[in-house]
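Values quoted throughout were computed directly from the atomic coordinates according to the rules given, and no laboratory measurement underlies them. Small disclaimer: the values here were computed from a predicted structure and weren't measured. Note: ideal-geometry Cβ built from the backbone for every residue, glycine included; neighbour counts use all protein chains shown.
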Amino acid sequence: MGKNIAVFLDRDGTINEEVGYLDDLAKIKIIPTAFEAIRLINAIGMKTVVITNQAGVARGLFSEEFVNTTHEFLRDILSKENAFIDGFYYCPHHPTEGIGHYRQACDCRKPAAGMLLRAADDLNIDLSRSFIVGDRYNDMEAGRSVGAKCILVKTGFGQSLLQDDGPDRPTDKNRPDFIAADILEAVQWILKGVK
Ligand SMILES: [Mg+2]
Ligand SMILES: [Zn+2]
């Protein structure tokens with residue numbers, strides 16, 4: 001049987017608006033075009049996989065249980081609009097901050113590719129034919145390191161990344177293949193390449 005293609009989606013700033021540490025369900029605002037974008041991925045038969053760094057856990061701002069609750073909540077609002085997520089993966093760690101085992105240089109915090117590799121195993125995904133959509137260079141680097149195509153969205157931190165002259169400049173490791181206004185434009189670009 002052939003392997004699946006996935007569209008990996010960053011969460012904060014890509015599916016829902018960036019609000020700093022998301023520690024309260026009341027703060028969740030879905031970016032309006034996300035519903036349509038996810039429906040399009042579902043319709044073409046690609047896997048829709050959310051991968052998100054949640055260092056707020058390591059920092060003691062919220063629990064892993066809260067992250068799971070948040071993902072059930074997201075799954076609910078999205079599926080009410082017929083937009084379905086095949087898997088949620090999160091990294092609760094931080095390399096230098098936090099308590100107990102949460103403080104570690106793990107293999108899952110983006111730009112590392114651990115979450116992508118785990119999902120590829122669980123869902124039989126061909127990473128080299130897959131895509132990642134996110135609002136930070138971390139997302140691009142994670143995707144690029146496994147041979148996926150990378151799309152930077154201008155929602156969340158995306159717009160400011162593109163404006164700033166800061167240290168966060170694109171390099172050969174994290175350069176996006178395409179820059180999109182938002183998740184919907186990103187998915188439309190993906191689908192153009194498939195047809
Ligand atoms: Mg983000
Ligand atoms: Zn981790």
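Amide H to amide H, which residues 5 or more places from GLU18 or on other chains are under 5 Å from it, using H placed in the peptide plane?
GLY13, GLY156
Given H placed 1.01 Å from N in the peptide plane, which residues other than close sequence neighbours of ILE51 have an amide H under 5 Å from its amide H?
Close amide H contacts, sequence-distant or interchain: LEU9, ASP10, ARG11, TYR89.
What shape does segment 31-131 take by its C-alpha gyration tensor, where a ≥ b ≥ c are the square roots of the eigenvalues and a/c under 1.5 counts as rounded, a/b above b/c as prolate, and the rest as oblate?
oblate
Return the lysines within reach of LYS27: Cα separation strictly under 26 angstrom, same-chain partners fewer than 8 residues apart disregarded; answer none if there are no such residues.
LYS80, LYS110, LYS154
Just ALA120, ALA43, ALA180 to compare: in a GNM of the chain, with alpha carbon springs under 10 Å, which one fluctuates most?
ALA43
What list of ³J(HN,Hα) values in whole Hz, one per residue of segment 69-78 in order, does the Karplus curve 6.51 cos²θ - 1.76 cosθ + 1.60 (θ = phi - 60°) give from phi, with Gly and Pro shown as x?
4, 4, 6, 5, 4, 4, 4, 5, 5, 5
Which of the aspartates and glutamates could a cross-linker bridge to LYS173, judged by Cα under 15 Å and excluding same-chain residues fewer than eight apart?
Partners found: ASP139, GLU141.
Once you keep just the Cα pairs under 8 angstrom separated by 6 or more residues, what percentage relative contact order results for segment 74-129?
21 percent
Step through the residues of segment 53-65 one at a time and calculate ³J(HN,Hα) from phi using the Karplus curve (6.51 cos²θ - 1.76 cosθ + 1.60, θ = phi - 60°), rounding each to whole Hz and writing x for Gly and Pro.
7, 10, 5, x, 5, 4, 6, x, 7, 7, 9, 4, 4
Who wins for biggest fluctuation among ASP172, ASP135, ASP86 in a Gaussian network model of the chain, springs between alpha carbons below 10 Å?
Comparing ASP172, ASP135, ASP86 in the GNM, the peak value goes to ASP172.
Take every DSSP beta bridge whose two residues both sit in segment 6-194, then give the antiparallel share in percent to the nearest 5.
On the way: 1 of 22 bridges.
Roughly 5 percent of the beta bridges in segment 6-194 run antiparallel, per DSSP.
Can you list the aspartates and glutamates whose alpha carbon is less than 12 Å from that of LYS3, not counting same-chain residues fewer than 8 positions off?
Partners found: ASP121, ASP122, ASP126.
Sort the chain into rounded, prolate or oblate with this rule: let a ≥ b ≥ c be the square roots of the eigenvalues of the Cα gyration tensor; rounded if a/c is under 1.5, and if a/c is not under 1.5, prolate when a/b is larger than b/c, oblate otherwise. Provide the component values of the computation, followed by the final result.
Values: a/c = 1.31, a/b = 1.19, b/c = 1.10.
Cα axes put the chain in the rounded bin.
What is the dipole size for segment 6-194, taken about its Cα centre, with +1 at each Lys and Arg Cβ and -1 at each Asp and Glu Cβ, in debye to the nearest 20?
Using only the charged Cβ atoms, the result is roughly 360 debye.
Mind checking which of GLU81, GLU64, GLU141 has the largest fluctuation in a GNM of the chain, springs on alpha carbons under 10 Å?
GLU81
How would segment 74-180 be classified by its alpha-carbon gyration tensor: rounded, prolate or oblate, with rounded meaning a/c under 1.5 and the a/b versus b/c comparison settling the rest?
Note, shape of segment 74-180 comes out rounded.
Taking 8 Å as the Cα distance limit and 6 or more residues as the minimum spacing, I'd like the relative contact order of segment 6-194 as a percentage.
In percent, rounded to a whole number, it is 23.
At most 14 other Cβ atoms within 10 Å plus a DSSP loop assignment makes a site exposed; report the longest stretch of the chain without any exposed chymotrypsin sites (Phe, Trp or Tyr not before Pro).
Details: sites that count: TYR21, PHE84.
In the chain, the maximal stretch lacking such sites is 85-195.
Taking 0.36 nm per residue of sequence separation and subtracting the Cα-Cα distance, how much length would be gained by fully extending the chain between GLU36 and LYS173, in nm to one decimal?
Extra length from GLU36 to LYS173 when fully extended: 46.3 nm.
What are the ³J(HN,Hα) couplings of segment 23-33, residue after residue, when phi is run through the Karplus curve with 6.51, -1.76, 1.60 and θ = phi - 60°? Round to Hz, x for glycine and proline.
So the J values, rounded to whole Hz, are 10, 7, 4, 5, 7, 6, 10, 6, 5, x, 7.
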